[in-house]
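Note sheet for the following structure.
The values are calculated or read from the model by the stated rules, or taken from the named source; none is laboratory data. What you are looking at is a predicted structure, and each value in this text was computed from that prediction instead of being measured. So basically every Cβ, Gly included, is an ideal-geometry build from the backbone, and we count neighbours across all protein chains shown.
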Amino acid sequence: MSNIKTAFTRGKAFIPFITCGDPDLPTTAEAVREMVRNGANLIELGIPFSDPTAEGVVIQNANLRSLSGGTTTDKVFELVRDLRRDVKIPLVFMTYANVVFGYGAEKFISTCAAIGIDGLILPDVPFEEKGEFLPICRAHGVDLISMVAPTSENRIAMISREAEGFLYVVSSLGVTGTRSKIVTDLAPIVKVVRENTDIPCAIGFGISTPAQAAEMSRFADGVIVGSAIIKILAEYGTDAPKLIGAFTKSIKQSILSTHE
């Protein structure tokens, strides 16, 4: 069983996202550990990139703050080596194809495996073009995580059948960011997913409150939250980790209470 699946074995999973190096790498490490202590089941670690096309302004700015502070891919690898001394839950990278190509795909993915990264999300790589990365990921035991969106339509079944780790269900059209309301009817999408794979699915994009997380957990096996966490970092900087821990706890409790 993929290590990522273990995140979904004890009920609905909470998956927070954080941009590594925003505002600095020690703060990232502290925030990750706070999220683990407060119930996170899997964590997405963003490797900063100068042109993150899938991201809204909140995470774009986090990327820029991180890069301007001197964060590099090698420094993020060192961060993960440090985290893996005590963090046991699955960790996945979310980044962009140019980051992987620039480092060298074989070197990047083999390093992921060596340091304990369980999966890789590349939001700018269409499903049909994943062949550039998939054989290397499989050779090193790193799950290449697929995404489906409301626009995927007749491709949802095909993508679901080939999914690894977990399937990332994009809740809304457009880029990442908090939304006051998620209006997409996700039930039909998840129904198609369920008919074609037993891989867990998690919903992300736009989820920012405990109530939204609880509602989305009714459909999916997990809930992903990013921009709301990045907003805490943007406002509180190095003082953010404890607040991020408290936010994680509130989201997790809301999800759990929905399914008691």
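For the condition under 13 Å from ALA31 (Cβ atoms), surrounded by 19 or more Cβ atoms within 10 Å (Cβ to Cβ) and among the small types (Gly, Ala, Ser), GLY222 does not qualify. PRO241 meets each of the listed conditions (1) at pLDDT below 95; (2) out of contact with any strand residue (DSSP E or B) (no Cβ under 7 Å at 6 or more places or on another chain) apart from (1).
Of the helices (runs of 4 or more DSSP H) lying entirely inside the stretch 38-131, those containing at least 2 residues that are in contact with a helix residue (DSSP H, G or I) (Cβ under 9 Å, 6 or more places away or on another chain), modelled with pLDDT under 95 and among the β-branched types (Val, Ile, Thr) are 57-68. Output yes when any residue across the stretch 22-43 is in contact (Cβ under 8 Å) with a residue 40 or more places away in the chain and under 19 Å from GLY102 (Cβ atoms), and no when none is. No, the stretch 22-43 contains no residue that is in contact (Cβ under 8 Å) with a residue 40 or more places away in the chain and under 19 Å from GLY102 (Cβ atoms). A Cβ distance below 8 Å, combined with a sequence gap of six or more or placement on separate chains, defines the contacts here; from the stretch 140-160, residues that are without any contact (Cβ under 8 Å) to a residue 40 or more places away in the chain reach residues that are aromatic (Phe, Trp, Tyr) and crowded, with 23+ Cβ neighbours inside 10 Å in the pairs SER146/TYR168; MET147/TYR168.
Residue-level analysis places ARG10 among those that are surrounded by fewer than 20 Cβ atoms within 10 Å (Cβ to Cβ), of a type in the set (D, E, K, R) and out of contact with any helix residue (DSSP H, G or I) (no Cβ under 9 Å at 6 or more places or on another chain). In the set LYS191, LYS252, which member is among the basic types (Lys, Arg), modelled with pLDDT of 95 or more and out of contact with any Asp or Glu (no Cβ under 9 Å at 6 or more places or on another chain)? Exactly one of LYS191, LYS252 is among the basic types (Lys, Arg), modelled with pLDDT of 95 or more and out of contact with any Asp or Glu (no Cβ under 9 Å at 6 or more places or on another chain), namely LYS252.
Listed here are the residues, each with its yes/no results for (1) surrounded by 15 or more Cβ atoms within 10 Å (Cβ to Cβ); (2) within 14 Å of the chain's Cα centre (by Cα).
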position: MET94; (1), (2): yes, yes
position: ALA97; (1), (2): yes, no
position: ALA105; (1), (2): yes, no
position: ILE117; (1), (2): yes, yes
position: GLU129; (1), (2): no, no
position: GLY141; (1), (2): no, no
position: LEU144; (1), (2): yes, yes
position: MET147; (1), (2): yes, yes
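Farther than 19 Å from ILE203 by Cα, β-branched (Val, Ile, Thr), over 18 Å from the mean Cα position of the chain (by Cα) and in a helix (DSSP H, G or I), is that true of ILE136? Here the answer is yes, as ILE136 does meet what is asked. In the condition set (1) farther than 18 Å from ILE203 by Cα; (2) in contact with a Phe, Trp or Tyr (Cβ under 7 Å, 6 or more places away or on another chain); (3) crowded, with 24+ Cβ neighbours inside 10 Å, ALA31 is compliant with all but (2).
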